[in-house]
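What follows is a set of notes on a single structure, which appears directly below.
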Amino acid sequence: MTQPSAPITQDVLTLPRKLPEGPVNLIGLTRDAMRAALIAAGTPERQAKMRVGQVWQWVYHWGVRDFAQMSNLAKDYRALLAANFVLDLPQVVTRQVSADGTRKYLVRIAGGHEVEVVYIPETDRGTLCISSQVGCTLTCSFCHTGTQKLVRNLTAGEIIGQVMLARDDLGEWPVPGAPKDETRLLSNIVLMGMGEPLYNFDNVRDAMKIAMDPEGLSLSRRRITLSTSGVVPEIARTAVEIGCQLAVSFHATTDEVRDLLVPINKRWPIATLLDALRAYPGLSNSERITFEYVMLRGVNDTDADARRLVKLIKGIPAKINLIPFNEWPGAPYTRSDSARIKAFADIIYKAGYASPIRTPRGEDIMAACGQLKSATERARKSRAAIAAETGLAP
């Protein structure tokens, strides 16, 4: 199969950082872009690097959103910033808390679109699952998010803004003058929410560079995992330009089954995808690749599937996350039973691979893996279904 040499992109609108009129949002700008913006607003070029460092630390280390509070800047410079810039985050519309402590946020972005963000507390970490697109274009048949049409890419500001609003809710910004506390409630980021991150590469990269910046949020690249369904041409680029951990939505051991579950497989089949994955750990200095495998009763959960999976990934430093299928209304599949999942895991474990079985989290608030879909989109679907039943046009 001939592969294109240029990076894969989609003809999907990404809202520009600056609207036709009005101030520029500094949230989401890279250091270079912020420097250019400050100079354009009247900051002397010789001071620009210093000013970027000051503003950056206020915004991304201290979590400050009011230029007036940036006390190490002169009052006239604070006024210049306030006149030309804003520090805007996506708006939290609803916040739900599961019985197991999982938090799900419905977040509204520019244009009135909505995405979902999930915070998962665990004993040794706190993981935030963030979105990269409004909706999704991949139509994976087991995924609720995939039933929502793709609307647009998120900007870098809208992506990193999800991390910042979660820190707001967790009360995790440091307090000036207080003793330093290295404890992190939000210690890990996974790009496993709505959308395919590698179809919005530039904005995802810029947002994750901000997350990893040591003078701001300061998350290690090993604490960030990007999940892709297999956009092969962008995998090597991810290793070089982001360098985070990589997870792959694999879910099948034959092209025939994967074509049905993950339709992008028709463009980049299993053999092509695995060739790209074999090079990733070395390129990015990552320890291993995570293979995500949702367990679907009678579809991909046989002992033969487990043995094929072990054979396919041979030579790739890897672990396999087995995900009990999280059912949603109208789902065409059911979850493999516990005994079948355990038998599958045992085959993989005996072959020398870690094979943890993921404990579903937040199912009572539809926050579990594969269940994300914005409330407004669910409502539209319900209205359309009602209209169809009554014979009326929606």
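The values are calculated or read from the model by the stated rules, or taken from the named source; none is laboratory data. Values in this document were obtained by computation on a predicted structure and should not be read as measured data. Because the Cβ atoms are built from the backbone with ideal geometry, glycine has one as well, and the counts that use them run over all protein chains shown.
Please list, ordered by first then second residue, the pairs with beta carbon atoms under 7 Å, 6 or more apart or interchain, first in segment 266-288 and among the acidic types (Asp, Glu), second modelled with pLDDT of 80 or more and outside any helix (DSSP H, G or I).
Glu287/Pro317
Please go through segment 253-288 and pick out each residue that is modelled with pLDDT under 95, more than 16 Å from Thr139 (Cα to Cα) and not in a helix (DSSP H, G or I).
Across segment 253-288, the qualifying residues are Asn285, Ser286, Glu287, Arg288.
I need a count of the residues in segment 222-245 that are over 19 Å from Ser131 (Cβ atoms), of a type outside the set (Val, Ile, Thr) and touching a residue at least 60 places away in the same chain (Cβ under 8 Å).
Adding up the residues that qualify gives 3.
Just a yes or no: is a residue in segment 319-340 at pLDDT below 90, over 27 Å from Ile235 (Cβ atoms) and part of a helix (DSSP H, G or I)?
No: zero hits.
Looking at segment 118-156, which of its residues are hydroxyl-bearing (Ser, Thr, Tyr) and assigned to a loop (DSSP other than H, G, I, E, B)?
Thr123, Ser131, Ser132, Thr137, Thr139, Ser141, Thr155
Look at segment 258-308 and say how many of its residues are more than 19 Å from the chain's Cα centre (by Cα), surrounded by 18 or more Cβ atoms within 10 Å (Cβ to Cβ) and of a type in the set (D, E, K, R).
Residues meeting the conditions: 3.
Within segment 309-318, how many residues are assigned to a loop (DSSP other than H, G, I, E, B) and either surrounded by 19 or more Cβ atoms within 10 Å (Cβ to Cβ) or touching a residue at least 40 places away in the same chain (Cβ under 8 Å) (or both)?
Qualifying residue count, segment 309-318: 2.
Could you go through segment 352-360 and let me know if any residue there is free of Cβ contacts under 8 Å to residues at least 40 places away in the same chain, of a type in the set (A, V, I, L, M) and over 18 Å from Leu246 (Cβ atoms).
The answer is yes; a qualifying residue exists.
Take the residues in segment 216-234 that are in a helix (DSSP H, G or I) and in contact with a strand residue (DSSP E or B) (Cβ under 7 Å, 6 or more places away or on another chain), then tell me which one is surrounded by the most Cβ atoms within 10 Å (Cβ to Cβ).
The residue in question is Arg223.
Could you grab me the full set of residues in segment 255-283 that are over 8 Å from Gly230 (Cβ atoms), touching a helix residue (DSSP H, G or I) at 6+ places or on another chain (Cβ under 7 Å) and not hydrophobic (A, V, I, L, M, F, W, C)?
Within segment 255-283, Asp255, Arg258, Asp259, Lys266, Pro269, Thr272, Tyr280 qualify.
Does segment 321-331 contain at least one residue that is among the polar types (S, T, N, Q), surrounded by fewer than 21 Cβ atoms within 10 Å (Cβ to Cβ) and either touching a residue at least 12 places away in the same chain (Cβ under 8 Å) or in contact with a helix residue (DSSP H, G or I) (Cβ under 7 Å, 6 or more places away or on another chain) (or both)?
yes
Conditions (1) assigned to a strand (DSSP E or B); (2) exposed (fewer than 15 other Cβ atoms within 10 Å of the Cβ); (3) modelled with pLDDT under 95, marked per residue:
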residue: Pro20; (1), (2), (3): no, yes, yes
residue: Arg35; (1), (2), (3): no, no, no
residue: Trp56; (1), (2), (3): no, no, no
residue: Val59; (1), (2), (3): no, no, no
residue: Leu89; (1), (2), (3): no, no, no
residue: Gly111; (1), (2), (3): no, yes, yes
residue: Glu116; (1), (2), (3): yes, no, yes
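On the basis of being surrounded by 15 or more Cβ atoms within 10 Å (Cβ to Cβ), of a type in the set (Val, Ile, Thr) and over 30 Å from Arg222 (Cβ atoms), does Val151 make the cut?
yes
Would you say Val93 is in contact with an Asp or Glu (Cβ under 7 Å, 6 or more places away or on another chain) and closer than 19 Å to Ile27 by Cβ?
Answer is yes for this residue.
Which one of the conditions (1) at negative phi; (2) within 25 Å of the chain's Cα centre (by Cα) does Ser71 fail to meet, given that it meets all the rest?
If we test Ser71 against (1) at negative phi; (2) within 25 Å of the chain's Cα centre (by Cα), just (2) comes out false.
Would you confirm, using the coordinates I've provided, whether Ile357 is modelled with pLDDT of 50 or more and of a type in the set (Val, Ile, Thr)?
Taking the combined requirement at face value, the residue satisfies it.
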